[in-house]
1. Just to confirm my filter: which strands (runs of 3 or more DSSP E) fall fully inside the range 189-286 and include at least 2 residues that are on the phi < 0 side of the Ramachandran plot and among the aliphatic types (A, V, I, L, M)?
2. Can L31 be described as farther than 25 Å from S276 by Cα and out of contact with any Gly (no Cβ under 6 Å at 6 or more places or on another chain)?
3. Given the criterion under 23 Å from G63 (Cα atoms) and touching a Lys or Arg at 6+ places or on another chain (Cβ under 8 Å), identify the matching residue among L278, L245.
4. Those residues that are under 21 Å from the mean Cα position of the chain (by Cα) and among the charged types (D, E, K, R), I need them from the range 248-282; list them, please.
5. Between L48, L73, which is over 23 Å from L117 (Cα atoms), surrounded by fewer than 22 Cβ atoms within 10 Å (Cβ to Cβ) and modelled with pLDDT of 90 or more?
6. Sort through A47, A70, A17, A34 and tell me the only one that's touching a strand residue (DSSP E or B) at 6+ places or on another chain (Cβ under 9 Å) and either under 23 Å from H281 (Cα atoms) or part of a loop (DSSP other than H, G, I, E, B) (or both).
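The values are calculated or read from the model by the stated rules, or taken from the named source; none is laboratory data. Model, not experiment: these values are computed from the prediction. Here Cβ is always computed from backbone atoms with ideal geometry, including for glycine, and neighbour counts include all displayed protein chains.
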Amino acid sequence: MTAAARALIAEDEPLLAAALAHELRKAWPALQVAATVGDGLSAVRQALDLRPDVLFFDIRMPGLTGIDAAAELADAWPQDTPFPALVFVTAYDQYAVQAFEAQAVDYLLKPVQAARLARTVHKVQAQLAQRRAALPTPMPSAAALHTAMDQLRALLAMPGLGAEAAAPGASAAAPGAAPRLQVIQASSGTQIHMVPVADVVYFEAADKYVRVLTAEREYLIRTPLKELIVQLDAQEFWQIHRSTLVRATRIASVLRDESGKQHVLLTGRPERLPVSRLYAHLFKGM
């Protein structure tokens with residue numbers, strides 16, 4: 001039942017990756033470690049190529065965090081293939097552990113302990129067995145993907161985990177939180193401009209910068225999108241992609257192309273902005 005199961009390990013510390021693979025061989029001899037990678041982008045590429053049954057993703061990796069990598073993978077994952085079982089490997093404190101437990105996402109604390117790994121292996125084996133028992137019905141594939149996306153959305157909203165993205169309808173900033181931005185200092189050429197947040201149509205992460213788009217102009221800032229998000233009103237700016245925040249009142253319509261992907265059309269801007277699968281639920285009524 002589990003003899004054909006394959007895993008992908010994403011861990012940027014080679015010794016820790018080797019230690020995890022070693023412990024897995026003892027806890028789950030039939031499991032094949034299909035590949036080991038050291039950064040989030042490689043984890044996404046290899047997972048799409050290899051289609052493993054289980055993902056062991058370190059939280060802190062170069063390029064993308066483990067949660068961000070899993071979210072990007074969920075967005076690109078084929079609908080007809082069950083999404084892998086997710087196990088996050090973390091050195092985080094109890095707050096993060098409680099976040100994983102609340103979302104029913106399995107996790108391993110560094111350094112990985114044999115007894116804890118055995119429980120994780122048992123849980124993953126049961127999950128895979130349940131999926132395979134339901135085949136060839138196509139629903140388990142979609143259900144597994146939807147469950148993973150719900151879990152990832154919640155984890156991404158946790159401060160310090162993933163992209164720290166707040167969903168529309170989230171509560172107001174807690175006492176002591178960063179104040180809401182009113183004006184942004186942004187560059188255009190060699191000049192610095194004071195751009196009112198009220199004029200911004202959308203923000204888009206691009207390389208080392210974030211593009212700030214108003215109806216008339218484009219500016220650049222160096223503040224990472226994940227830091228910007230927590231300073232904006234989640235009711236005003238909706239995250240529609242890992243790299244895109246859009247002013248909700250500027251969304252004119254949402255188009256669905258032949259492949260089923262959604263694109264947002266804006267008032268005052270000519271672009272069509274893609275909506276990732278992770279945030280497509282925002283427009284179910286459209």
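1. On the way: elements: 191-196, 200-206, 209-214, 218-221, 237-241, 244-247, 251-256, 262-266, 272-275.
Because the criterion is at least 2 residues that are on the phi < 0 side of the Ramachandran plot and among the aliphatic types (A, V, I, L, M), the strands (runs of 3 or more DSSP E) in the range 189-286 that meet it are 191-196, 200-206, 209-214, 218-221, 244-247, 251-256, 262-266, 272-275.
2. On the way: farther than 25 Å from S276 by Cα: yes; out of contact with any Gly (no Cβ under 6 Å at 6 or more places or on another chain): yes.
The answer is yes for L31.
3. Details: L245 fails: touching a Lys or Arg at 6+ places or on another chain (Cβ under 8 Å).
Result: L278 is the single residue among L278, L245 that is under 23 Å from G63 (Cα atoms) and touching a Lys or Arg at 6+ places or on another chain (Cβ under 8 Å).
4. K261, R277
5. Values: L73 fails: surrounded by fewer than 22 Cβ atoms within 10 Å (Cβ to Cβ).
From the options L48, L73, the qualifying one is L48.
6. Details: A47 fails: either under 23 Å from H281 (Cα atoms) or part of a loop (DSSP other than H, G, I, E, B) (or both); A17 fails: either under 23 Å from H281 (Cα atoms) or part of a loop (DSSP other than H, G, I, E, B) (or both); A34 fails: either under 23 Å from H281 (Cα atoms) or part of a loop (DSSP other than H, G, I, E, B) (or both).
When all the criteria are applied, what remains is A70.
Residue by residue, here is whether (1) among the aromatic types (F, W, Y); (2) surrounded by fewer than 20 Cβ atoms within 10 Å (Cβ to Cβ) holds:
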site	(1), (2)
P196	no, yes
D199	no, yes
A206	no, yes
A215	no, yes
Q231	no, yes
W238	yes, no
T244	no, no
I251	no, no
